[in-house]
2 protein chains.
Amino acid sequence: MVTIYDVAKKAGVSPSTVSRVLNKRGNVKEETRKRVEQACQKLNYVPNANASSLRKKNTKTLALIIPDIENPFYTSVLKGFEGITGKRGYNTIVCNTDGNSTKEEDFINTILAKRIDGVAITSVSRSIDHLNLVLNRNIPMILIDRKLNGLDVDIVCGDSFQGAIKLVNHLIGLGHQKIAIITAPVHLSTSRERLEGYKTALNRANIPIDNNLIKIDKKSEGYSSERAYEMVKELLEQQEVPTAIFAGNNFMALGVYKALREKGLKVPQDIAVVCFDDMNFIYQIEPFFTTVVQPAYTMGKMAAEILLNKIEGRYEDNKQKVILQPQLIIRKSCGYKTN
Amino acid sequence: MVTIYDVAKKAGVSPSTVSRVLNKRGNVKEETRKRVEQACQKLNYVPNANASSLRKKNTKTLALIIPDIENPFYTSVLKGFEGITGKRGYNTIVCNTDGNSTKEEDFINTILAKRIDGVAITSVSRSIDHLNLVLNRNIPMILIDRKLNGLDVDIVCGDSFQGAIKLVNHLIGLGHQKIAIITAPVHLSTSRERLEGYKTALNRANIPIDNNLIKIDKKSEGYSSERAYEMVKELLEQQEVPTAIFAGNNFMALGVYKALREKGLKVPQDIAVVCFDDMNFIYQIEPFFTTVVQPAYTMGKMAAEILLNKIEGRYEDNKQKVILQPQLIIRKSCGYKTN
DNA sequence: AAGTATCATAAAACCGATTTCATAATATAA
DNA sequence: TTATATTATGAAATCGGTTTTATGATACTT
């Protein structure tokens, strides 16, 4: 493996001079610079980033931790994030936790070990100990999408509360009264706020809240299509059957839909379904679910910008809290039922 | 930042002893080991992976380079890959090239710099120079999905030729004669082989090949939904209109479908559509396209296993060439036209 | 009991870059 | 022309681990 010493020898200079050329730092005579560059070329020299990081104490690498790489919401976040970081000279390593807090903790550990410069995370965990490890080392961190109690850090997220109100108001406007909600565990701030929004919208419309119509997943760690499926099956066993279902996110809506179909219920004829988040390209075939869409791409971009500014020491202390408004998109999954 | 020296001091031993404990190498007295472990705990010590890699000359990190993180095919590959590598103690960094060969080259460069232990790649590039840089450094590499001319390396891929034959035979069996193909640039081996399979199936059925029905993307670098859309638009301008369209992959099928719908053509009533690769979860809503499904998850797993075996020096020289058979899944996108 | 093998540990060298410090060569100022 | 500032470069220290080498203490042979 060719090192900076080999290049130095070939160019007839010292390693420090080669380093100066590579990093464009300090004064180097034009002619020397050329000799060094030629030597690099000839030897196919690629500097060892590990050695460089060791000395420089930075890695020009960020981590983006997300719970589900298959969800278009997070791939949009990813694309927005990488778009910015790439332009500003950083690599980002994507950590897909699959909604598993153990994996999340493992990732944090290797991030710590690799001395990553900054972390953006959508956490699935009930605990924040592993994230405090990051903060205690003064590694810049930003939350995306989900808030975390007891952790005062920068965050970019959507307004789940208002989004839920939009969705439920839409259903109420269509004449629905028996509206069920199927959502993820409420240790996730988004799920908690969507539930709050749901209740608030019903209250405002003077519709009594029926706990039988509220199904909160307590078994998994995140938004699970399978759990949504199971919970709808339970829901439909009850005497009280809803005329509309609000699914916590796009994937839960899929589980909801599957369960309904198996029970012989048609959407929207027999029952309406709405949810959070879009499915992008999928809807080229058949735009279907009425949803509240969050600006995922923008969230990724803004998170990257804030994180990089922190790393490069721009607006220091004051924590950024960016809350983006989602947009209601009405499609075919709700009929015009008048109850 | 706490270093191995801090731990050593706290435990009252030398750094080499701490290293021995950390790496479980060499003999260490039980009591000393405990003292060291406690010191690590108390100081929240996380070894610097860059320093370690520098000395050990490995990073326990692999790179997986894929062209489209939004395509379920590649996320399946990813999951299969990570499942194996994680279990065997390796991290994998995912490099999403977005079908852009410049990005691919950039990734290769940082992979080289970071001294990654091995590379798995689905290349989008027409050139192989950047990949030869990897091979020249004796960095283990394996191709996934796409072959590359002039590069003798291990590979795990699907049988695009046979898959295409299955698809076209299915259409022919349904009575179709005027079958169009819309596919990616043929510098991609999969596209080339699908085209060959298409031609072979027609030949075998004594159906003349009509070049007007063959649309090969020459503008983009990969399988593009947008380009498929445009090419179908062109196709439908011609006097000769097909009764069935074979789309190069799942995303191209989406573009095909969109164009057809805009032209007022219904699938499958007016025209049949088949394609390569599935869409997984999407089909929970409406399983639609008849496809030939490749075992993406298995491909990822096998690629990981072969790559790791190479890295850990198991079956040395002989190059593995794994070709997996795809499976025809018949759904609703083809009617029972008799022409 | 003396000689050899094994265990336990420390000191020092090393991985490959960057950075500080020192110094010679050149340019500029007085 | 001499003093000073600037440019150009190299030697050596450093980042934080791992590994080699050396050595004293135990354990095992015969």
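The values are calculated or read from the model by the stated rules, or taken from the named source; none is laboratory data. Owing to the predicted nature of the structure, the values given are computational and were not obtained by experimental measurement. No Cβ is skipped: glycine too gets one built from the backbone with ideal geometry, and neighbour counts run over all protein chains shown. Just the protein is used for accessible areas: all its heavy atoms, side chains included, with ligands, DNA and RNA removed. Shrake-Rupley method; radii C 1.70, N 1.55, O 1.52, S 1.80 Å.
Report yes if A:Leu174 is more than 14 Å from every other protein chain (Cβ to nearest Cβ), crowded, with 16+ Cβ neighbours inside 10 Å and among the aliphatic types (A, V, I, L, M), otherwise no.
yes
Please work out which one of (1) under 30 Å from B:Val293 (Cβ atoms); (2) in contact with a helix residue (DSSP H, G or I) (Cβ under 8 Å, 6 or more places away or on another chain); (3) among the basic types (Lys, Arg) is the condition B:Arg33 fails and give its number. Evaluating B:Arg33 over (1) under 30 Å from B:Val293 (Cβ atoms); (2) in contact with a helix residue (DSSP H, G or I) (Cβ under 8 Å, 6 or more places away or on another chain); (3) among the basic types (Lys, Arg) leaves (1) as the failure. Looking across region B:1-20 at every residue that is near DNA strand C (Cβ under 8 Å from one of its atoms) and in a loop (DSSP other than H, G, I, E, B), the one that is farthest from the chain's Cα centre (by Cα) is identified as B:Gly12. Meeting the requirement of 2 or more residues that are crowded, with 21+ Cβ neighbours inside 10 Å, the strands (runs of 3 or more DSSP E) wholly within region A:199-312 are A:244-247, A:272-276, A:290-293.
Surrounded by fewer than 18 Cβ atoms within 10 Å (Cβ to Cβ) and touching a residue at least 40 places away in the same chain (Cβ under 8 Å): does that describe B:Asn71? Criteria not met by B:Asn71.
Here is a yes/no grid of residues against (1) farther than 18 Å from A:Ala296 by Cα; (2) open to solvent by less than 10 Å² (accessible area, probe 1.4 Å); (3) at pLDDT 95 or above; (4) β-branched (Val, Ile, Thr):
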residue: A:Ile65; (1), (2), (3), (4): no, yes, yes, yes
residue: A:Phe81; (1), (2), (3), (4): no, yes, yes, no
residue: A:Thr85; (1), (2), (3), (4): no, yes, yes, yes
residue: A:Cys95; (1), (2), (3), (4): no, yes, yes, no
residue: A:Asn109; (1), (2), (3), (4): yes, no, yes, no
residue: A:Lys114; (1), (2), (3), (4): yes, no, yes, no
residue: A:Asp117; (1), (2), (3), (4): yes, no, yes, no
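Against the definition (facing another protein chain (nearest Cβ under 7 Å), of a type outside the set (Phe, Trp, Tyr), touching a strand residue (DSSP E or B) at 6+ places or on another chain (Cβ under 7 Å) and closer than 19 Å to B:Asp68 by Cα), how does A:Val94 come out, yes or no? Here the answer is yes, as A:Val94 does meet what is asked. Look through region A:8-57, keep the residues that are more than 11 Å from DNA strand D (Cβ to nearest atom) and among the hydrophobic types (A, V, I, L, M, F, W, C), and return whichever of them is farthest from B:Asn138 (Cα to Cα). Per the criteria, the residue is A:Leu22. Scanning region A:172-185 finds no residues that are more than 14 Å from A:Ala253 (Cβ to Cβ), polar (S, T, N, Q) and assigned to a helix (DSSP H, G or I).
Under the condition of being at pLDDT 95 or above and closer than 28 Å to A:Thr75 by Cβ, the residues counted in region A:237-251 number 5. For A:Val156, the requirement of being in a helix (DSSP H, G or I) and away from chain B (no Cβ under 14 Å) is not met.
Only one entry in A:Asn48, A:Asn109 is over 14 Å from the mean Cα position of the chain (by Cα), within 12 Å of DNA strand C (Cβ to nearest atom) and within 11 Å of chain B (Cβ to nearest Cβ), namely A:Asn48. Of all residue pairs spaced 6 or more apart or on separate chains, those with beta-carbon atoms under 6 Å, a first member in region A:1-26 that is within 19 Å of A:Asn44 (Cβ to Cβ) and a second member that is outside any helix (DSSP H, G or I) and open to solvent by less than 60 Å² (accessible area, probe 1.4 Å) are A:Val2/A:Tyr45; A:Val7/A:Tyr45; A:Ala8/A:Ser14; A:Val21/A:Val28. Conditions first: (1) more than 20 Å from the chain's Cα centre (by Cα); (2) open to solvent by 40 Å² or more (accessible area, probe 1.4 Å); (3) within 11 Å of chain A (Cβ to nearest Cβ). B:Lys42 passes all but one, so which condition is the exception? Evaluating B:Lys42 over (1) more than 20 Å from the chain's Cα centre (by Cα); (2) open to solvent by 40 Å² or more (accessible area, probe 1.4 Å); (3) within 11 Å of chain A (Cβ to nearest Cβ) leaves (3) as the failure. Being within 16 Å of DNA strand C (Cβ to nearest atom) and aliphatic (A, V, I, L, M) is the requirement here; does A:Val77 meet it? No: the conditions fail for A:Val77.
Reported count of residues in region A:51-74, each being of a type in the set (A, V, I, L, M, F, W, C) and within 16 Å of DNA strand C (Cβ to nearest atom), is 2.
Residue-wise test of (1) within 11 Å of chain A (Cβ to nearest Cβ); (2) out of contact with any strand residue (DSSP E or B) (no Cβ under 8 Å at 6 or more places or on another chain); (3) in contact (Cβ under 8 Å) with a residue 12 or more places away in the chain.
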position	(1), (2), (3)
B:Ser76	yes, yes, yes
B:Thr85	no, no, yes
B:Ile116	yes, no, yes
B:Val124	no, yes, yes
B:Asn136	yes, yes, no
B:Met141	no, no, yes
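Got at least one residue in region A:21-43 being in a helix (DSSP H, G or I), among the charged types (D, E, K, R) and within 7 Å of DNA strand C (Cβ to nearest atom)? Looking through region A:21-43, none of the residues is in a helix (DSSP H, G or I), among the charged types (D, E, K, R) and within 7 Å of DNA strand C (Cβ to nearest atom).
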